[in-house]
1. Among the residues of the stretch 44-55, which ones are over 21 Å from Ile15 (Cα atoms), part of a strand (DSSP E or B) and of a type outside the set (S, T, N, Q)?
2. May I ask you to list pairs of residues, at least six apart or on different chains, whose Cβ atoms are under 6 Å apart, with the first in the stretch 4-30 being under 21 Å from Asn99 (Cα atoms) and the second being surrounded by 11 or more Cβ atoms within 10 Å (Cβ to Cβ) and aromatic (Phe, Trp, Tyr)?
3. Among the residues of the stretch 87-130, which ones are acidic (Asp, Glu) and at pLDDT below 90?
4. Which residue pairs have Cβ atoms closer than 9 Å, lie 6 or more positions apart in sequence or on different chains, and pair a first residue in the stretch 37-49 that is among the aliphatic types (A, V, I, L, M) with a second residue that is part of a loop (DSSP other than H, G, I, E, B) and modelled with pLDDT of 95 or more?
5. What number of residues in the stretch 56-81 are exposed (fewer than 13 other Cβ atoms within 10 Å of the Cβ) and over 24 Å from Lys13 (Cβ atoms)?
6. Considering only residues of the stretch 17-31 that are exposed (fewer than 14 other Cβ atoms within 10 Å of the Cβ) and on the phi < 0 side of the Ramachandran plot, which is modelled with the highest pLDDT?
7. So which residues in the stretch 32-41 are farther than 10 Å from Leu147 by Cα and small (Gly, Ala, Ser)?
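The values are calculated or read from the model by the stated rules, or taken from the named source; none is laboratory data. Computed from a predicted model, the values in this text were never measured in an experiment. Here the Cβ positions follow ideal geometry from the backbone for every residue, glycine too, while neighbour counts run over all protein chains shown.
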Amino acid sequence: MKTHNILTNDEFKTIIGSNARLIGMDPGGKNIGISICDENQAVATPLKTIERSGFQNILKLINAIIIENDIKGIIVGYPINMDGSIGKSSQSATDFSLNLSKNIAIPITMWDERLSSEASFKITKKLDTNVTSRIKKLDKNAAAFILQGFIDFLSN
């Protein structure tokens with residue numbers, strides 16, 4: 001299987017072009033939130049939350065999503081600290097992306113996701129959903145927030 005390096009956002013934009021479905025990922029300590037965008041790259045939608053249960057199992061689930069939805073690229077949330085420094089979570093996201101790039105043959109990029117979980121939690125609060133529901137959907141909503149930020153970048 002051909003592997004891709006992790007691409008910069010600009011390289012990814014050049015390679016992907018328009019009319020390609022993408023998935024966004026928010027790799028957390030316990031779960032990985034997954035989102036998907038439409039073919040026109042206009043709207044990101046929360047898809048599912050995958051429990052971290054061994055990389056091979058995660059890889060199997062991600063590959064199934066890629067095949068079922070004709071996915072052309074992956075955007076992984078990159079949790080940079082508020083001061084712009086790289087922390088433990090940033091390194092974990094980088095390691096996750098590198099592992100993906102060794103096992104999945106579509107382009108991968110990382111997107112600065114500062115405050116994505118907090119923002120998605122606040123948005124669902126405005127929708128008047130209960131706290132239990134918001135927490136349960138937090139990972140996939142954060143992934144949609146990350147992906148929406150990236151597809152907004154693509155359109156500029």
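1. Initial filter on the stretch 44-55 (over 21 Å from Ile15 (Cα atoms)): 45-55.
Cutting the leftovers down to part of a strand (DSSP E or B) gives us 45-51.
Once the filter is applied, which keeps residues that are over 21 Å from Ile15 (Cα atoms), part of a strand (DSSP E or B) and of a type outside the set (S, T, N, Q), the stretch 44-55 yields Pro46, Leu47, Lys48, Ile50, Glu51.
2. Within 6 Å, the pairs are Pro27/Phe96.
3. Here is the first cut: in the stretch 87-130, the ones acidic (Asp, Glu) are 95, 112-113, 118, 128.
Hits for the stretch 87-130 are Asp112, Glu113, Glu118, Asp128.
4. From the stretch 37-49, the pairs are Ala44/Asp38.
5. Taking the stretch 56-81 as the starting set, the residues that turn out to be exposed (fewer than 13 other Cβ atoms within 10 Å of the Cβ) are 56-57, 60, 64, 67-68, 70, 81.
Filter again for over 24 Å from Lys13 (Cβ atoms), leaving 56-57, 60, 64, 68, 81.
Number satisfying all stated conditions: 6.
6. Step one: of the stretch 17-31, the residues exposed (fewer than 14 other Cβ atoms within 10 Å of the Cβ) are 17-19, 29-30.
From what is left, the residues that are on the phi < 0 side of the Ramachandran plot are 18, 29-30.
Working: Ser18: 83, Gly29: 88, Lys30: 92.
Residue satisfying both the conditions and the ranking: Lys30.
7. Within the stretch 32-41, the first condition is being farther than 10 Å from Leu147 by Cα, and the residues that meet it are 32-33, 38-40.
Hit for the stretch 32-41 is Gly33, nothing else.
Table: residues versus (1) in contact with a Leu (Cβ under 6 Å, 6 or more places away or on another chain); (2) at positive phi; (3) not in a strand (DSSP E or B).
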position: Asp10; (1), (2), (3): no, no, yes
position: Gly33; (1), (2), (3): no, no, no
position: Ile36; (1), (2), (3): yes, no, no
position: Ala42; (1), (2), (3): no, no, yes
position: Leu59; (1), (2), (3): no, no, yes
position: Glu68; (1), (2), (3): no, no, yes
position: Gly77; (1), (2), (3): no, no, no
